[in-house]
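Below: one structure, written as structure tokens.
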Amino acid sequence: MSLSAFDAAHRQLTGGRLFIPPNRDATLLRREREEFETFGSLRHMESADGRAENPATENWRVIDDWQLLNASPAGMRLSRTLDKGSRIGAGQLIAARLPGGERFSLAVVRWALREGDDTLTAGIQLLPGEPRPATVRLIQSDGTAATWQPAFVLPEIAALRIPASVVLHSGSFRLDRRIELMLDQRMQALTLYRILDHGNEFERCVIRAPD
């Protein structure tokens, strides 16, 4: 099976495309703000084809050659030799795909242990719902917008009473913080409500429409 870390996971879920922040000039940004303050969402045209170089993702690497030991709907136990793949540890966000599978799932490494002289075993917990790659920018307390960053959206699962959430880089959450989220070429104004889960590089936050 295959695994990858946060930025690499985003690239996997976008079909191998590099993360390119939306390119907006000041006039267009102001018009977009006015439009979705009035209507709540807007359509936009993609600003890049995803083939340009992006230094922030040059060092990503897929971790492969893991052996699936056992699996359940909630998670998996895996193993590989110590001399293959990148470093992995508890609290790391990853994308996981089973052998022969077509889609990646988001998961969190809950533990990783060395066994014997040359084996690494890890337990991962699958995050519920099909992840969708998105682009997010945080709104600061003074109303200014931060830079765009990769993110993931996980759907609401009403039967399990799991709310819709967004997975962001660590340090993003603040209660009622406003964000602008682009998903499927649509921008939405949302707020962060509470943290559902977090690790050493991510925060999974409940999202809701602003009051």
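Read-outs: derived from the displayed coordinates by stated rules, not from any lab. Computed from a prediction, not measured in an experiment: that's the story for all the values here. FYI the Cβ positions are ideal-geometry reconstructions off the backbone, even for glycines, and counts take in every protein chain you see.
Residue by residue, the range 100-112 carries 3J(HN,Hα) couplings of x, x, 9, 10, 8, 10, 7, 8, 10, 6, 9, 7, 9 Hz when phi is fed to the Karplus relation 6.51 cos²θ - 1.76 cosθ + 1.60 (θ = phi - 60°); x denotes Gly or Pro. Among 162, 20, 124, 157, the order by Cβ neighbours within 10 angstrom, fewest to most, reads 157, 162, 20, 124.
Summing charges over all other residues whose Cβ lies under 12 Å from the Cβ of residue 69, with Lys and Arg as +1 and Asp and Glu as -1, gives +1. For residue 202, the residues whose modelled amide H falls within less than 5 Å of its own, excluding neighbours fewer than 5 places apart on the same chain, are 170. Taking a ≥ b ≥ c as the square roots of the Cα gyration tensor eigenvalues, the range 94-211 comes out prolate, since a/c reaches at least 1.5 and a/b is larger than b/c. Sequence-ordered 3J(HN,Hα) estimates for the range 196-204 from the Karplus curve with 6.51, -1.76 and 1.60 and θ = phi - 60° stand at 8, 7, 7, x, 6, 9, 8, 9, 9 Hz, glycine and proline given as x.
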